[in-house]
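What follows is a set of notes on a single structure, which appears directly below.
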Amino acid sequence: MKGTDGGASRARILARVRRALADVPAHERPRDHPVARDYLRVHGRRSPAESAALLAAHLADYRARVHRCGADGLPRLLRDLLAERGARRVVVPAGPPEEWLAGAPVERVPDSPALTPYDLDAVDAVVTGCALAIAETGTLVLDGGPGQGRRRVTLVPDHHICVVRTADQIVDSVPQALERLDPLRPLTWVSGPSATSDIELDRVEGVHGPRLLDVVLVADAAG
């Protein structure tokens, strides 16, 4: 909220927080009262192949398109996915292997702070890696690391292609993911293409992110 009304609302909320904490001793800190975390960390035992299959199934439920290939077949698959949509200009964050887009007849637009939302809206697609993927929720997590770029490059372009290494980037559960993620990094959690529904449950895609999400599960990629 903006203006006077927003300031008043903020003051009311902070006042309620202060009242709720009024009886807490000044010396007390959150870690003084450990929270029991005896919930299940993972729901069932799976082989790596079963985890990858579960991830693929949940991604498909969210209307993402899931593809599988080996490392040798990745450049051709990426080229085909871009050609299918007639992509000519593609955002490429720093870090992914050069061969990912080898032979693809596209203009590579390097990720840069100088790119505005208008610039990103004018490109046809973005190709990234990820930090990891969660099988039980069908979620991709990006943390701005190598090959992932800034958050806006995966939220503005209409088509996102995300590459996942099945050998070392798939975990079963959210607790397992949190153990591997740095909370100080800019985490983006993606479960399918952007979508929302109105009160009549009419689904609309692309409201606050890409309308099309292609996820490529690469069986033997390294690095």
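The values are calculated or read from the model by the stated rules, or taken from the named source; none is laboratory data. None of these values were measured; they are calculated from a predicted model. Ideal geometry is used to build each Cβ from the backbone, glycine not excepted, and the neighbour counts take in all protein chains shown. Surface accessibility is based on the protein's heavy atoms, side chains included, excluding ligands, DNA and RNA. Shrake-Rupley method; radii C 1.70, N 1.55, O 1.52, S 1.80 Å.
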Exercise. Between R76 and R89, with labels modelled 7 Å along Cα→Cβ, what's the label distance in nm to one decimal, could you check?
Key: 3.1 nm
Practice problem: Tell me the chymotrypsin sites (Phe, Trp or Tyr not before Pro) within segment 37-112 that lie in a loop according to DSSP and have at most 13 other beta-carbon atoms within 10 Å. | Solution: Y39
Exercise. Specify the angular offset, from 0 to 90 degrees and rounded to the nearest 10, of the alpha carbon long axis of helix 48-61 from the longest principal axis of the alpha carbons in the chain.
Key: 80 degrees
Quiz item: Can you give the extra length, in nm with one decimal, that the chain gains between A36 and R68 once fully stretched, where that is 0.36 nm per residue apart less the Cα-Cα distance?
Solution: 7.6 nm
Quiz item: Based on DSSP H runs of at least 4 residues, each adding -39500 (n - 2.57), what is the mean residue ellipticity at 222 nm of the chain after dividing by all its residues, to the nearest 500 deg cm²/dmol?
Solution: -7500 deg cm²/dmol
Quiz prompt | Antiparallel DSSP beta bridges within the chain, as percent of all bridges there, nearest 5 | solution = 30 percent
Self-check item: Stokes-Einstein translational diffusion, the chain - Kirkwood Rh over all Cα pairs, 1.567 mPa s, 4 °C, in µm²/s
Solution: 66 µm²/s
Quiz item: Based on the mean of other beta carbon atoms within 10 Å per residue, what is the order of 86-94, 174-182, most packed first?
Solution: 86-94, 174-182
Quiz item: How much of the accessible area of the chain, probe 1.4 Å, is carbon plus sulfur, in whole percent?
Solution: 54 percent
Self-check item: Per residue accessible area of the chain, 1.4 Å probe, in Å²
Solution: 60 Å²
Practice problem: Mind ranking 115-128, 159-172, 63-76, 10-23 by how tightly packed they are, going by the mean number of other C-beta atoms within 10 angstrom, highest first? | Solution: 159-172, 115-128, 63-76, 10-23
Self-check item: Cα-based helix-to-principal-axis angle, 74-84 vs the chain, degrees rounded to 10
Solution: 90 degrees
Self-check item: Angle in degrees between helix 3-20 and the longest Cα principal axis of the chain, rounded to the nearest 10
Solution: 60 degrees
Quiz item: By how many nm would the segment from Y118 to S47 grow when fully extended, if each residue of separation counts as 0.36 nm and the alpha-carbon distance is taken off?
Solution: 21.2 nm
